[in-house]
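Let me begin by presenting the structure, written as structure tokens, before commenting on it.
The values are calculated or read from the model by the stated rules, or taken from the named source; none is laboratory data. All figures in this text were calculated on a predicted structure; none of them were measured in a lab. Cβ: placed from backbone, ideal geometry, glycine included. Neighbour counts: every protein chain shown.
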Amino acid sequence: MSARPQARRRGCLPPSPTGPGCGCSPRREAGRVEDGEPVGRIELPTVGERHVIVEGTSTSNLRRGPAHYPDSSLPGQNGTFAVAGHRTTYGAPFRKLDKLDRGEKIVAAMPYGRFTYEVEKTRIVKPSDVWVTRRVGHERLVLTACHPLYSASERIVVFARLAKSEALP
């Protein structure tokens, strides 16, 4: 008898050491999303922000709200989920990134699950420092925005580690 992979059903999470999973791929869900379409929602409860995340970081997409770096993972893929946003224009969804402290929660609500991250650190980097979106040895969230306010000379980057994941029915 040959081993066949189980049929995947919509809404499932991949196996994760921090939460339940059934082997389904979130990338499968993203494959149905076109550039500029919503992929989920980001919630920053301690600073009172909640925004829809769109796919792709083009200028036009960033005008619509926080945007998923398409070359980064999605939550549940055991990689880096990277999201960019503006701090002073187009609704300024990430204006208060500098107010996030270590240990505070950030939630990524996706069609297939809810992922809670805890802030580990905030760094100021050069715009050319693309290493911040690279995969590391654990599942994490990276939020990026221009810094300081009203300037694009640097980037503020919030690094957060996955603390909890929940499958949605």
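Annotation note: of Arg135, Arg155, the sole residue that is surrounded by 13 or more Cβ atoms within 10 Å (Cβ to Cβ), basic (Lys, Arg) and modelled with pLDDT under 95 is Arg135.
For segment 68-90, enumerate the residues that are of a type outside the set (Ser, Thr, Tyr) and farther than 12 Å from Ile42 by Cβ. Let's see the steps before the verdict.
Step one: filter segment 68-90 for residues of a type outside the set (Ser, Thr, Tyr), giving 68, 70-71, 74-79, 81-87.
Pro70, Asp71, Leu74, Gly76, Gln77, Asn78, Gly79, His86, Arg87, listed by residue number.
Val142 - would you say it is part of a strand (DSSP E or B), surrounded by 13 or more Cβ atoms within 10 Å (Cβ to Cβ) and modelled with pLDDT of 95 or more? Judged against the criteria, Val142 is a match.
With the structure loaded, tell me whether Leu44 is buried (at least 18 other Cβ atoms within 10 Å of the Cβ), more than 10 Å from the chain's Cα centre (by Cα), modelled with pLDDT of 95 or more and not polar (S, T, N, Q) or whether it fails that test.
Numbers: buried (at least 18 other Cβ atoms within 10 Å of the Cβ): yes; more than 10 Å from the chain's Cα centre (by Cα): yes; modelled with pLDDT of 95 or more: yes; not polar (S, T, N, Q): yes.
Answer is yes for this residue.
If you check Pro93 against the conditions, is it touching a Pro at 6+ places or on another chain (Cβ under 7 Å) and at pLDDT 95 or above? Answer is yes for this residue. Pairs are defined by a Cβ separation below 6 Å, a sequence spacing of at least 6 or placement on different chains, a first member in segment 105-118 that is under 19 Å from Glu37 (Cα atoms), and a second member that is small (Gly, Ala, Ser) and surrounded by fewer than 20 Cβ atoms within 10 Å (Cβ to Cβ); the pairs so defined are Tyr112/Gly11; Gly113/Ala167.
Within segment 75-122, being surrounded by 15 or more Cβ atoms within 10 Å (Cβ to Cβ), more than 15 Å from the chain's Cα centre (by Cα) and under 25 Å from Gly137 (Cβ atoms) holds for Leu100, Glu104, Thr122. Restricting attention to segment 119-169, the residues being touching a helix residue (DSSP H, G or I) at 6+ places or on another chain (Cβ under 8 Å) and small (Gly, Ala, Ser) number 1. The combined condition, being of a type outside the set (Ser, Thr, Tyr) and in contact with a helix residue (DSSP H, G or I) (Cβ under 7 Å, 6 or more places away or on another chain), is not fulfilled by Ile106.
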